[in-house]
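**Q** First the structure, then my questions, so here it is.
Read-outs: derived from the displayed coordinates by stated rules, not from any lab. This structure is a prediction, so every number in the text was calculated from the model and none was measured. Every residue, glycine as well, gets a Cβ built from its backbone with ideal geometry; the counts of neighbours run over all protein chains shown.
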Amino acid sequence: AQSVAQPEDQVNVAEGNPLTVKCTYSVSGNPYLFWYVQYPNRGLQFLLKYITGDNLVKGSYGFEAEFNKSQTSFHLKKPSALVSDSALYFCAVRDASGTYKYIFGTGTRLKVLA
Amino acid sequence: NAGVMQNPRHLVRRRGQEARLRCSPMKGHSHVYWYRQLPEEGLKFMVYLQKENIIDESGMPKERFSAEFPKEGPSILRIQQVVRGDSAAYFCASSPPGFSTEAFFGQGTRLTVV
């Protein structure tokens, strides 16, 4: 079965420092991977996706993600964190071995400290 | 192009009543997904529908829950005889055809059972 894991419940980073939110995946076949962000009392907003091609994917709000096939990882990164980046981040995979539903990780809460 | 529209945003029901949650997908999107989120928890997949078809209902509780996406009109998630444990945020997402596409989320319906 396809799945993603987010090993950290929370990540704290100082404003201006680089941030990384980790995600590992388990899929059969080619992975379709996504990152979303959720602000309080809001729906999820799409940040970026990896389908094929370059391992470094650029997305919204200065975020990027690095796809690493050998480590089965798809970590979200940003060179310089902002306080406004504080939110809940979800990694997701599309179930390419089944019905193509989106399967989400448990989420990582990012806190950027001023 | 309006986003995914969910209504109502907030719904209060007494135990034993029925809850009906509505979701209008984005224009051109024929795939709808429903997810449930408990406070401080991740997104749990419930059901995946296309027009007039249920594609995957592996996350739906066996009793009291049903979903439809008719040829005309919004998708409906129906919860009969609600219990306190049904209190959660319910999110709908939609996507166009194609396996490499991302899903777009609505703002959610927050159901409170009293």
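**Q** For chain A, with a Gaussian network of springs between Cα atoms less than 10 Å apart, report the residue from A:GLY16, A:GLY62, A:GLY53 with the top mean-square fluctuation.
**A** Judging by the Gaussian network model, the answer is A:GLY53.
**Q** Springs between alpha-carbon pairs under 10 angstrom, Gaussian network model over chain A: which of A:VAL93, A:VAL37, A:VAL27 fluctuates most?
**A** Fluctuation is largest for A:VAL27.
**Q** Which links in A:LYS22/B:LYS51; A:LYS111/B:LYS62; A:LYS111/B:LYS44 stretch past 28 Å when you go from one Cα to the other?
**A** Details: A:LYS22/B:LYS51 36 Å; A:LYS111/B:LYS62 38 Å; A:LYS111/B:LYS44 23 Å.
From A:LYS22/B:LYS51; A:LYS111/B:LYS62; A:LYS111/B:LYS44, over 28 Å: A:LYS22/B:LYS51; A:LYS111/B:LYS62.
**Q** May I ask you to derive the FRET efficiency for B:MET5 and B:ARG84 from their Cβ-Cβ distance with R0 = 25 Å, giving the value to the nearest 0.05?
**A** With a Förster radius of 25 Å, E is 0.35.
**Q** Then there's this: How far apart, in nm, are the 7 Å Cα→Cβ label points at A:TYR39 and A:GLU15?
**A** Placing both labels 7 Å beyond Cα along the Cβ direction yields 1.6 nm.
**Q** Just to be sure I understand the curve: with the Debye formula and one point per C-alpha of the protein assembly as shown, what is log10 I(q)/I(0) at q = 0.07, 0.13 Å⁻¹?
**A** Result of the Debye calculation: -0.22, -0.76.
**Q** Here is a follow-up. Quote the relative contact order of chain B in percent (integer), defining contacts as alpha-carbon pairs under 8 Å separated by 6+ residues.
**A** After rounding, I find 37 percent.
**Q** Then there's this: Among B:ARG20, A:ARG94, which comes first, then next, by fewest other beta-carbon atoms within 10 Å?
**A** B:ARG20, A:ARG94
**Q** Computed FRET efficiency, Cβ-Cβ of A:ASN55 and A:THR106, R0 30 Å: what is it to the nearest 0.05?
**A** 0.75
**Q** Still on this structure, please answer the following. For segment B:1-35 and segment A:6-72, what is the separation of their Cα centres, given in Å?
**A** So the separation of the two Cα centres works out to 27 Å.
**Q** Which whole-number percent gives the relative contact order of chain A, counting Cα pairs below 8 Å spaced six or more residues apart? List each step's numbers first, then the result.
**A** Values: 294 pairs, mean separation 43.3, N = 114.
It comes to 38 percent, rounded to a whole number.
**Q** Moving on. Pairs of Cα atoms under 8 Å, at least six residues apart: use those to get the relative contact order of segment A:29-76, whole percent.
**A** The normalised contact order for segment A:29-76 reaches 25 percent.
**Q** Give me the extension gain from A:SER97 to A:SER70: residue separation times 0.36 nm, minus the current Cα-Cα distance, reported in nm with one decimal.
**A** Gain on extension, A:SER97 to A:SER70, equals 7.7 nm.
**Q** Order of B:CYS23, B:CYS92 from fewest to most other C-beta atoms within 10 Å?
**A** Final ranking by Cβ density, sparse to dense: B:CYS23, B:CYS92.
**Q** Among A:LYS78, A:LYS101, A:LYS22, whose mean-square fluctuation peaks in a Gaussian network model of chain A (Cα, cutoff 10 Å)?
**A** Among A:LYS78, A:LYS101, A:LYS22, the largest GNM mean-square fluctuation belongs to A:LYS101.
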